[in-house]
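Read through the structure below, which is laid out as structure tokens, and then see the notes.
The values are calculated or read from the model by the stated rules, or taken from the named source; none is laboratory data. Computed from a predicted structure; not experimentally measured. All Cβ positions, glycine included, derive from the backbone under ideal geometry; neighbour counts span all protein chains shown.
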Amino acid sequence: MNRLAAAMGLALLFAVIYVIWPAPRPGSVAPETPSTTGAEWVLRFGHNIPADSALHQASVRFAEEVQSRSGGRVRVDVYPAQQLGNDHQMVEMARAGELDIILTPTAKLSVPLPAMQYADLPFYFPSRNDLYEMLDGEPGQILLDKLRSIGLIGVTFWENGFKQFTANRPLQRPEDFAGLNMRIMKSRILMEQFRALDAHPIPIDFHATREALHDGVVDGQENPLVAIVSMGIHQEQSHLTLSNHGYMGYVFSISAAVFERLPQEIRSILIDTARELTPWERAETHRREEMLLEAIREAGVTIHRLDSEAQQAFAERTTHIADIFEPVIGADLLSRTQELLDRKYSGKGNRSIVVGLDADLSMDGGSSGLALKRGAALAIEEINVAGGVLDKRLKLRTRDHKGMPSQGVRNLSRFIDEPEVIAVITGQNSPVTTAQLQPAHEAGLPLLAAWSSATGVVENRYSPNFVFRVSANDRLVAPFMLDHLLQAYRRPAILLENSVWGRSSLKAMREALAKRGHTFAHTESFNRGETEFAPYLTRIEQSGADVIVMVTNPHEGQLIVDVLAQRTAPLPLFSHWGITGGDFWSANREALEQIDLTFFQTFSFLEPRGPASAHLASRYKERYAVSSDRKILAPAGVAHAYDLVHLLAAAIEQAGSSDRAAVRDALERLKRHDGAVKRYSPPFTPERHDALGPRDYRMARFAEDGAIIPLRPGPDDGIAP
């Protein structure tokens, strides 16, 4: 572009700014010292955006509306353009209760709360309105609720526009990015985005972007239109692609410390006003973008819009990014989003058979839920590539029961009412699965237990029995664990959670000990949510026990290990497998160096197995960008869910029908299946709905890197190489 064109473009830009960005109205920049208006509550509102922006104008409207609705009881002083500090400083001030209201870019909030990278997922949302529906609906509320953990009350999402691509050549297909050096802000998701397009991502500070483009250090970049124009990027690049592939969201939040001091009426006014202004702020941002496009066009830039075919091509090229970053963003959030999008776009003519998954995706057992989801998803992908079942595609629909039986029953009721759902995989929590038994049997919906090990999950009172399990059974786990324990110890004590699973384990272990001529030296039980375990451990030590059998899930297990590691001579731990369903090792890696811990498992990718296991490990690593078998998350959960889905697909084909009762009957008649865990021959019979037994069990330890290492080789199942 020559100097004349640049000068004309700059002049037009100033004209556009003069027309669309009005001068601040009185009060749009708060005074340095508070005025005296007689307000009962004076709240400071800080953000990083200039006073002539749509975001600031919305902030000023908010302040005016709050003052009006409160009858003058509340005054909000708005401080734009980082007058109170940068984004990080303002977030910390709000967390400490020193700043009342903040408007923060999602990218900056993703440091204390990584889930805020949700809107950074490229080409994840089919349209602008789809993203708005998610942010204003249940997924957005899940995300806003997570702010509570860092001392903020999330209210709504405002914006600074959607990201677009610029370069000195057209960027209309994924192939157009090959070999380009693309400027990005520092972000793992953005690195993966451009690598997926065969480009080279280069992190460069935003304010150095134009210079880097001018000097040829990078070939292109991504930013919303307001940033492209304000930084003069359109003076350096000849092509703009309107892709709307990423969102520059701003989170409107209130300090939790401040919020809790406000009267309920004032809280409601603040929340309702911010949410009601959200459509206006977005519309105003969009209106200004249309004017900015004129400035870009007049500067001689060629503007391209992606057609639906191109959008789909980009979406397919980048679809794996959500899978890779699901542990960071949250399986609960992405699962609910995908369900809502699937429902919207599947249509009434949908020819899919749905497999449900109900697991803990967000609480203590979140890692176990994600492991089950990944194992099931990999199996479904394989089945669909091979042609599906009954000429239909399988689809996974995942819900979060949060470890709560009542929520599990509600989730199951929804699955029951959805005729396309053929069966539901259940999660780690035996109390949840147990609560689901009655409604599942009343409706005739098969339950596939992929982790919960309480004896009564499968050995229940129902006939016909609709529960099939690829997992452990506590009645069989107890003698297996105790046979290993009694090789080295004689006076075990037991510390267990007071739950269906805990009581199931206690009953089975007492019976197994009695048959071996032993009893527990001491028994202690605790309720979920307890935090003080020193008294329990003191009483166990006073009993003369030489080892502790632990039956607990990750959170309480972490607390127990932390206290035990501080003892002068900590007793050894023999644990059931509940601790492996969360972030137990990473949360306790230092404490575990002081503890002799052995725990139960059913599967490991680190021991010789058959082709299906090796194939699953290879596909997992490729799909989820995992470098080693040792880093596969909760391996037993992955393999159990993977095998269960393949067994279910075989039963559907054998039944020749997606009728739930027919599929249940077919599961009992399957002959043989070479799975990742073992060769099932047969997996189930009318009398036996547990596919695994003691020959499939093993004890394990954590390696120095957190990998789960089995203490003995797997069973000779006939398929190991």
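Find the strands (runs of 3 or more DSSP E) located wholly in the range 145-249 whose residues include 1 or more that are of a type in the set (Gly, Ala, Ser) and under 24 Å from residue 288 (Cα atoms), and list them.
152-167, 220-223
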| request: Would you mind stating whether residue 170 is in contact (Cβ under 8 Å) with a residue 60 or more places away in the chain, of a type outside the set (Gly, Ala, Ser), touching a Leu at 6+ places or on another chain (Cβ under 7 Å) and not assigned by TED's automatic domain parsing to the domain that holds residue 331? | output: no
| Is there any pair with a first residue in the range 371-399 that is under 23 Å from residue 330 (Cβ atoms) and in contact (Cβ under 8 Å) with a residue 40 or more places away in the chain and a second that is polar (S, T, N, Q) and not in a helix (DSSP H, G or I) whose Cβ atoms are under 6 Å apart and which are 6 or more apart or on different chains, and what are they? | 373/398; 395/352
| query | Does the range 355-363 contain at least one residue that is within 13 Å of the chain's Cα centre (by Cα) and either surrounded by fewer than 24 Cβ atoms within 10 Å (Cβ to Cβ) or over 16 Å from residue 336 (Cβ atoms) (or both)? | reply | yes
| field | Condition broken by residue 391, with the remaining ones in (1) out of contact with any helix residue (DSSP H, G or I) (no Cβ under 8 Å at 6 or more places or on another chain); (2) buried (at least 22 other Cβ atoms within 10 Å of the Cβ) satisfied | value | (2)
| said: Among the residues in the range 678-689, are any within 22 Å of residue 394 (Cβ to Cβ) and under 30 Å from the mean Cα position of the chain (by Cα)? | reply: no
| task | Please state which one of 171, 109 is surrounded by 24 or more Cβ atoms within 10 Å (Cβ to Cβ) and more than 24 Å from residue 282 (Cα to Cα). | result | 171
| request: Could you please let me know if residue 144 is within 19 Å of residue 340 (Cα to Cα), in contact (Cβ under 8 Å) with a residue 40 or more places away in the chain and either surrounded by fewer than 22 Cβ atoms within 10 Å (Cβ to Cβ) or not assigned by TED's automatic domain parsing to the domain that holds residue 107 (or both)? | output: yes
| field | Residue list for the range 504-525, filter: in a helix (DSSP H, G or I), at pLDDT 95 or above and surrounded by 18 or more Cβ atoms within 10 Å (Cβ to Cβ) | value | 505, 506, 508, 509, 512, 513
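Looking at the range 318-331, is at least one residue surrounded by 15 or more Cβ atoms within 10 Å (Cβ to Cβ) and assigned to a strand (DSSP E or B)?
no
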| message | Could you check the range 460-485 and list, in sequence order, the residues that are surrounded by fewer than 19 Cβ atoms within 10 Å (Cβ to Cβ), assigned to a loop (DSSP other than H, G, I, E, B) and in contact with a strand residue (DSSP E or B) (Cβ under 8 Å, 6 or more places away or on another chain)? | response | 460
| note | Of those in the range 533-571 that are within 18 Å of residue 499 (Cα to Cα) and in a loop (DSSP other than H, G, I, E, B), the residue nearest to the chain's Cα centre (by Cα) is 553
